[in-house]
1. For E47, which of the numbered conditions (1) at pLDDT below 95; (2) part of a strand (DSSP E or B); (3) open to solvent by 80 Å² or more (accessible area, probe 1.4 Å); (4) not aliphatic (A, V, I, L, M) fails to hold?
2. When region 116-130 is examined, which residues are found to be surrounded by 14 or more Cβ atoms within 10 Å (Cβ to Cβ) and either within 16 Å of D77 (Cα to Cα) or among the acidic types (D, E) (or both)?
3. Count, please, the residues in region 100-130 that happen to be closer than 16 Å to G38 by Cα and without any contact (Cβ under 8 Å) to a residue 40 or more places away in the chain.
4. A133 - would you say it is touching a residue at least 40 places away in the same chain (Cβ under 8 Å) and among the small types (G, A, S)?
5. What about E140, is it touching a Gly at 6+ places or on another chain (Cβ under 9 Å), surrounded by 17 or more Cβ atoms within 10 Å (Cβ to Cβ) and not aliphatic (A, V, I, L, M)?
6. In region 160-169, is there at least one residue being surrounded by 19 or more Cβ atoms within 10 Å (Cβ to Cβ), in a strand (DSSP E or B) and of a type outside the set (S, T, Y)?
7. For region 177-194, how many residues meet the condition of being farther than 14 Å from N81 by Cβ, at pLDDT 95 or above and either part of a strand (DSSP E or B) or of a type in the set (V, I, T) (or both)?
Amino acid sequence: MKKSILALTLLTSMNAFATDSEQSNVTFSLTAGYVFGGDTVGELIYEDNDSESIKAGQGVILGAGFLYEFNSKWSLDVSANYQSDTATASNGDLSFERLAFNAIPYYKINDSFSVGLGLGVHTGVELSNDFGADVEFSNESAFISSIRYHFETISADLEFRHTRVEYSVDRIGSSNYSSYDVTVDGNNTGLLFHWKF
């Protein structure tokens, strides 16, 4: 009887240990948001004299990533995001697009808020123009500051983010402009919603 109780206790302990070890420190997320800012890099003027501007920092952000928790206070968010600001007309579009790969370490202040400082790499930066030559920009590093609010009732975060980045013109159409040191301000600030699963 004693051997049976000992064996049962041992199995229960092992099962509890296995359950703890199987718990993942990784949380995946899908992201959607909008940011404002940056220099104006294009403008559409319509027949009724209305106009729509394209900015180097502004636009919709869509992405995905994961959060790795080192412990109860520190975590690392890694993500890939597509950002675009677009103006459309019946005879063509104008858009400023890029891909951003970000890594942001976070410190958890309490159950509701975390703060982070991180880096990003922006690639595929381009002003697509149906009315003239496309403009390509060189890959650039970005500096990111972030505050995240963790919802209590749903598995999601709301992030207030500021990004500092400057883009250098690489090509206009088929012409190389990398030696001319022409730059545009891509700094932006905005809100992002992260759905975690």
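The values are calculated or read from the model by the stated rules, or taken from the named source; none is laboratory data. Bear in mind that the values here come from a model prediction, so they are computed numbers and not experimental data. Neighbour counts are summed over all protein chains in view; Cβ atoms, including those assigned to glycine, are modelled from backbone coordinates with ideal geometry. Surface accessibility is based on the protein's heavy atoms, side chains included, excluding ligands, DNA and RNA. Shrake-Rupley method; radii C 1.70, N 1.55, O 1.52, S 1.80 Å.
1. (2)
2. G116, G118, G120, V121, E126
3. So the count comes out to 1.
4. Numbers: touching a residue at least 40 places away in the same chain (Cβ under 8 Å): yes; among the small types (G, A, S): yes.
When the stated conditions are applied, A133 passes them.
5. Values: touching a Gly at 6+ places or on another chain (Cβ under 9 Å): yes; surrounded by 17 or more Cβ atoms within 10 Å (Cβ to Cβ): yes; not aliphatic (A, V, I, L, M): yes.
When the stated conditions are applied, E140 passes them.
6. Of the residues in region 160-169, the ones surrounded by 19 or more Cβ atoms within 10 Å (Cβ to Cβ) are 161, 163, 165, 167, 169.
Now drop any that are not in a strand (DSSP E or B), which leaves 161, 163, 167, 169.
Among the residues that remain, those that are also of a type outside the set (S, T, Y) are: 161, 169.
So far as region 160-169 goes, yes, one or more of its residues are surrounded by 19 or more Cβ atoms within 10 Å (Cβ to Cβ), in a strand (DSSP E or B) and of a type outside the set (S, T, Y).
7. Going through region 177-194, the residues farther than 14 Å from N81 by Cβ turn out to be 177-185, 187, 189.
Now restrict to residues that are at pLDDT 95 or above: 183-185, 187, 189.
Then drop every residue that is not either part of a strand (DSSP E or B) or of a type in the set (V, I, T) (or both), which leaves 183-185, 189.
Here the count works out to 4.
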